[in-house]
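Report on the structure given below.
Read the figures in this text as sums done on the coordinates, not as results from a lab. What you are looking at is a predicted structure, and each value in this text was computed from that prediction instead of being measured. Note that we place each Cβ from the backbone using ideal geometry, even for glycine, and neighbour counts take in every protein chain shown.
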Amino acid sequence: MPRISIKYFVLPLGMALSACDKDLETINENPNASESVSPEFLFSSVLINTAYDYQREAYWEEPASAARYITLVRNEDNDRFSWGPRSWDNYYERLSANREMMELAQAMEQPQYVAAGKVLEAFNFAYITDLYGDAPYSEALRLRNENISHPKYDRQQDIYPALLNTLKDANDELAALAQSMVPKADPMYGGVSRKWRKLANSLRLRMLLRISKHYPSAFAEMQEIIDDPQQYPVFEGNEDNAEIRYLGDIGINSWPGGPLANAFSEFDKRKASQEIVDALSVRDDPRLKVWIAPVDDPSGSRINNSEYVGVPNAIPAPYDYNGGAEHISRLSAMFNSNSHPRVKASLMTYTELCFILAEAVQAGKITVPGETAESLYYEGIRSSMRYYGVEAEADAMDYYDQPGVLYDGSPKQLITQKWIALFLKGAEGWFDHRRTGFPQFTPGPLATLPEIPKRFIFPDTERAYNEEQYLQALLQFGEDRLTTLMWYLK
């Protein structure tokens, strides 16, 4: 069976390689095995790891608490914002493997994997800078070929334009290619190049809106994409969603809330937050029963005797809220399964794109042929209802005509509906809140901060192994705190 030759360790960024590299390389040589692996194998691995890890964090880690989707009733540090330095090794390991894949594909004259690899590279680097702010970029993956072991930190305002160009190049290269990817190597799109072009351009729209406050050409570039759907195709429906299903036959390919991946006790530590349950309940939203389980026993509740009860974040003894476990809701059973058709590892959805365009049109910054901010707003909600199988029910109950849902043209309403629709879909709920202030979350009585965190703290390993570049970065970025504003938030 082909394997990847071990030529270097994947170490915390900035750590120099040991002098024993050569000996280890020799030790790991196998005369009976190939010393190379095909690009499609590496591509599939990077894609799956990117999607699975991104989704796991959206459900399991800090982004879930910061977005007020999840309340931890045990080990509540995430909810209280007791966030210490956060490792970025996994992100850079994926980027390193992706870069190796692209170099191999280039050498083997398979440019389709180079182009798709650029989409994955832009996605992963964008996620890093969205989490931390300034970060190693231009020198980050140059250890093996150029022996750069202490990479500098690039400014976010330099990283983002470079990533936008990477995505534009990926679209253009995929459009010009006659070769396609092996369908089995692409568990997301089955090797269809046009689908990857749609993802590249939809990601550009996400990123352009995110930086629009400080990037003068943001809306002009968004308009360029919208005006030329042949050259710059974007998502057109839920069938274009960038997501990968969970096979659910072993732990590593199961939904992180499922029994193969984690014990039920871990699933039961994560309850729906009061913020999301109340937002759904007050609108009589049919997605409530899809996402949230009713309480076991509404009688005997101390505070709320409703059928669905979320738990406030960062409160004392959250496991005892409302009288305890029998009187608070769990997430629905599909989030405790190893695999479910509506629970996938999601990078970006058509629903999100609808709300991105609605926000830009509502602000008067772009136009979309045949659409208004109102129509895009409703389509964003409808596509989410459609995805979860409750579109007809929403129509039957006149969901869209009720106060709070009927379009009123306000950013607050639009972003709140986007936040609801993107329940556990990546870190976007957190990122939109810190960018717009909506929804207006309450940190909670035991929160260590008076506001939702704005970023992650740089890894401890950077102080230990890349101190000079780390300290230099702080001179331009500011204090390494959870509340320090990155460039596009200032």
Quick one: is Glu307 surrounded by fewer than 19 Cβ atoms within 10 Å (Cβ to Cβ), in contact (Cβ under 8 Å) with a residue 12 or more places away in the chain and either farther than 29 Å from Arg386 by Cα or among the acidic types (Asp, Glu) (or both)?
yes
Quick count over segment 187-221, residues being within 20 Å of Gly426 (Cβ to Cβ) and either part of a loop (DSSP other than H, G, I, E, B) or of a type in the set (D, E, K, R) (or both), is 10
Cβ pairs under 9 Å, 6+ apart or interchain, first in segment 318-347 and under 15 Å from Ser273 (Cβ atoms), second of a type in the set (Asp, Glu) and crowded, with 18+ Cβ neighbours inside 10 Å, ordered by first then second residue, are Pro318/Glu76; Pro318/Asp79
Conditions first: (1) crowded, with 21+ Cβ neighbours inside 10 Å; (2) closer than 23 Å to Glu57 by Cα; (3) out of contact with any strand residue (DSSP E or B) (no Cβ under 9 Å at 6 or more places or on another chain). Val295 passes all but one, so which condition is the exception?
(2)
Any helices (runs of 4 or more DSSP H) falling wholly within segment 370-445 and containing at least 1 residues that are within 26 Å of Lys213 (Cα to Cα)
373-387, 411-421, 428-436
When the residues of segment 446-482 are narrowed to those that are assigned to a helix (DSSP H, G or I) and of a type in the set (Ser, Thr, Tyr), which ends up farthest from Ile70 (Cα to Cα)?
Tyr465
In segment 271-289, anything more than 22 Å from the chain's Cα centre (by Cα), among the basic types (Lys, Arg) and buried (at least 18 other Cβ atoms within 10 Å of the Cβ) is listed as Arg283
Yes or no: Arg194 without any contact (Cβ under 8 Å) to a residue 60 or more places away in the chain and under 26 Å from Ser38 (Cβ atoms)?
yes
Identify, please: which residue in segment 310-321 is crowded, with 17+ Cβ neighbours inside 10 Å and out of contact with any strand residue (DSSP E or B) (no Cβ under 8 Å at 6 or more places or on another chain) and is, among those, farthest from Gln440 (Cα to Cα)?
Ile315
Going by the conditions given, is Arg74 of a type in the set (D, E, K, R) and either closer than 24 Å to Arg210 by Cβ or free of Cβ contacts under 8 Å to residues at least 40 places away in the same chain (or both)?
no
Does Asn201 satisfy being under 22 Å from the mean Cα position of the chain (by Cα) and under 16 Å from Leu357 (Cβ atoms)?
yes
For segment 222-270, which residues satisfy the criterion of being of a type in the set (Asp, Glu) and either crowded, with 18+ Cβ neighbours inside 10 Å or under 21 Å from Gly426 (Cβ atoms) (or both)?
Glu236, Glu239, Asp240, Glu243, Glu266
Looking at segment 238-251 only, could you name the residues that are in a strand (DSSP E or B) and either farther than 26 Å from Lys418 by Cβ or in contact with a Lys or Arg (Cβ under 7 Å, 6 or more places away or on another chain) (or both)?
Glu243, Ile244
Run Gln112 past the list (1) within 19 Å of Leu199 (Cβ to Cβ); (2) under 22 Å from the mean Cα position of the chain (by Cα) and report the number of the one that doesn't hold.
(2)
Given the conditions (1) crowded, with 17+ Cβ neighbours inside 10 Å; (2) in contact with a Ser or Thr (Cβ under 6 Å, 6 or more places away or on another chain); (3) free of Cβ contacts under 8 Å to residues at least 12 places away in the same chain, report the number of the one that Pro439 does not fulfil.
(3)
Could you check segment 394-413 and list, in sequence order, the residues that are more than 13 Å from Arg283 (Cβ to Cβ), surrounded by 13 or more Cβ atoms within 10 Å (Cβ to Cβ) and either touching a helix residue (DSSP H, G or I) at 6+ places or on another chain (Cβ under 8 Å) or aromatic (Phe, Trp, Tyr) (or both)?
Tyr407, Pro411
Which ones in segment 389-417 are touching an Asp or Glu at 6+ places or on another chain (Cβ under 9 Å), under 28 Å from Phe441 (Cα atoms) and of a type outside the set (S, T, N, Q)?
Val390, Ala394, Tyr399, Val405, Tyr407, Gly409, Pro411, Leu414, Ile415
If we keep only residues of segment 464-490 that are among the acidic types (Asp, Glu) and touching a residue at least 12 places away in the same chain (Cβ under 8 Å), then the residue surrounded by the fewest Cβ atoms within 10 Å (Cβ to Cβ) is Glu468
Hey, any hits in segment 357-373 for a residue that's within 30 Å of Ile315 (Cα to Cα) and in contact (Cβ under 8 Å) with a residue 12 or more places away in the chain?
no
Would you pick out the residues in segment 42-59 that are within 12 Å of the chain's Cα centre (by Cα) and either closer than 27 Å to Glu103 by Cα or crowded, with 20+ Cβ neighbours inside 10 Å (or both)?
Thr50, Ala51, Tyr52, Asp53, Tyr54, Gln55, Ala58, Tyr59
Of the conditions (1) in contact with a helix residue (DSSP H, G or I) (Cβ under 6 Å, 6 or more places away or on another chain); (2) small (Gly, Ala, Ser); (3) surrounded by fewer than 18 Cβ atoms within 10 Å (Cβ to Cβ), Ser339 clears all except one; give me its number.
(1)
Would you call Thr461 surrounded by fewer than 21 Cβ atoms within 10 Å (Cβ to Cβ), within 30 Å of Asp134 (Cβ to Cβ) and in contact with a Pro (Cβ under 7 Å, 6 or more places away or on another chain)?
yes
Restricting to segment 182-200, give me the number of residues that are crowded, with 23+ Cβ neighbours inside 10 Å and more than 18 Å from Asn49 (Cα to Cα).
3
